[in-house]
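Okay, so here's the structure we're looking at.
The values are calculated or read from the model by the stated rules, or taken from the named source; none is laboratory data. If you're wondering where the values come from, they're calculated on a predicted model, not measured in any experiment. Here Cβ is always computed from backbone atoms with ideal geometry, including for glycine, and neighbour counts include all displayed protein chains. Just so you know, the surface numbers come from the protein's heavy atoms only, side chains and all, with ligands and any DNA or RNA stripped out. Shrake-Rupley method; radii C 1.70, N 1.55, O 1.52, S 1.80 Å.
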Amino acid sequence: WQAAWNAGSILVIDESMFFWTGYTTAHLTYMSRKPTPWGFQFKTVVDCTSGVMLNMEMCESAEK
C-alpha cells in the first residue's frame, strides 16, 4: 500500500461517534454534545487531499 500511495501533507485528527443498537455495552460511551449521545467513540486520522481515512482507534469509556 505504501509503495502505491503516499499521504498528503495535511492530516486531520477528529473524534467520531457511531450509534450502537447492539446487545453488548463494552466500550459504550455517552457524549451529551453529540446528536446521538450513546455509541462507540473513535479517534480518526484523515488525509485531507484524498479524503482517505488512515487510522481509526476505538476509545474506552472514561467511566470504567
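Only one of 11, 28, 54 is among the aliphatic types (A, V, I, L, M), at pLDDT below 85 and open to solvent by less than 100 Å² (accessible area, probe 1.4 Å). Can you tell me which? Walk me through how you get there before you give the answer.
Numbers: 11 fails: at pLDDT below 85; 54 fails: at pLDDT below 85.
Among 11, 28, 54, only 28 is among the aliphatic types (A, V, I, L, M), at pLDDT below 85 and open to solvent by less than 100 Å² (accessible area, probe 1.4 Å).
Would you mention how many residues in the range 33-47 are open to solvent by less than 90 Å² (accessible area, probe 1.4 Å) and out of contact with any Ser or Thr (no Cβ under 6 Å at 6 or more places or on another chain)? Spell out the reasoning first.
Restricting attention to the range 33-47, the residues satisfying the condition of being open to solvent by less than 90 Å² (accessible area, probe 1.4 Å) are 34, 36-37, 39-47.
Among the residues that remain, those that are also out of contact with any Ser or Thr (no Cβ under 6 Å at 6 or more places or on another chain) are: 34, 36-37, 39-40, 43, 45-47.
So the count comes out to 9.
Of the conditions (1) open to solvent by 90 Å² or more (accessible area, probe 1.4 Å); (2) of a type in the set (D, E, K, R); (3) assigned to a strand (DSSP E or B), residue 60 fails just one. Which one is it?
(3)
Scan the range 1-27 for residues that are among the aliphatic types (A, V, I, L, M) and farther than 19 Å from residue 46 by Cβ and jot them down.
The answer is 3, 26.
Give me the residue from the range 14-25 that is open to solvent by less than 70 Å² (accessible area, probe 1.4 Å) and within 13 Å of the chain's Cα centre (by Cα) and, out of that set, farthest from residue 56 (Cα to Cα).
By that ranking, first place goes to 17.
Where the second residue is open to solvent by less than 90 Å² (accessible area, probe 1.4 Å) and in a strand (DSSP E or B) and the first is within 12 Å of residue 48 (Cα to Cα) and in contact (Cβ under 8 Å) with a residue 40 or more places away in the chain and lies in the range 6-35, which pairs have Cβ atoms under 8 Å and are six or more apart or on separate chains?
Matching pairs, first to second residue: 7/47; 7/54; 8/47; 11/45; 11/46; 11/47; 11/54.
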